[in-house]
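Colleague: Would you mind keeping the following structure in view while I ask a few things?
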Amino acid sequence: MNYPMGRIGIEISLEINRQKRRCDIVVFDAKSAPWMIVECKAEEVFLNEKTFEQAAQYNYIFRAAYITLTNGNNTFCLKPDYTTGKVAVLDFMPAYLE
């Protein structure tokens, strides 16, 4: 998908309600703004609403264009609309655009 290695951050720190957290993966755009966050779970962990809520909390801070959830077996990419508050589930992974 052409995600540049130099723009991929691993275990990026953030703070939510005065608690330190780490987002598994953040892909940054050319201006160093978060473009996609990725929440990784173990293979045996079912991706559900709780998993989404964790990633959504992180994205409340990052406001990335995309949220991706994966357990290695299943991967979901979501596109939040910050105007309407709705989230679309995509049937593809977006290509990285400069």
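Colleague: Taking the stretch 60-77 as the search range and keeping residues that are touching a Ser or Thr at 6+ places or on another chain (Cβ under 9 Å) and closer than 16 Å to A95 by Cβ, which one is surrounded by the most Cβ atoms within 10 Å (Cβ to Cβ)?
Modeller: T68
Colleague: Can you list residue pairs whose Cβ atoms sit under 9 Å apart, with the first residue in the stretch 5-28 being under 15 Å from R63 (Cβ atoms) and in contact (Cβ under 8 Å) with a residue 12 or more places away in the chain and the second being of a type in the set (D, E) and part of a strand (DSSP E or B)? Count only pairs 6 or more apart in sequence or on different chains.
Modeller: I12/D24; C23/E11; C23/E39
Colleague: What tally of residues in the stretch 69-87 results from selecting those that are at pLDDT 95 or above, farther than 12 Å from M36 by Cα and in a strand (DSSP E or B)?
Modeller: Number satisfying all stated conditions: 3.
The values are calculated or read from the model by the stated rules, or taken from the named source; none is laboratory data. All figures in this text were calculated on a predicted structure; none of them were measured in a lab. When we count neighbours, we look across all protein chains shown, and the Cβ atoms used for this are built from the backbone with ideal geometry, even at glycine.
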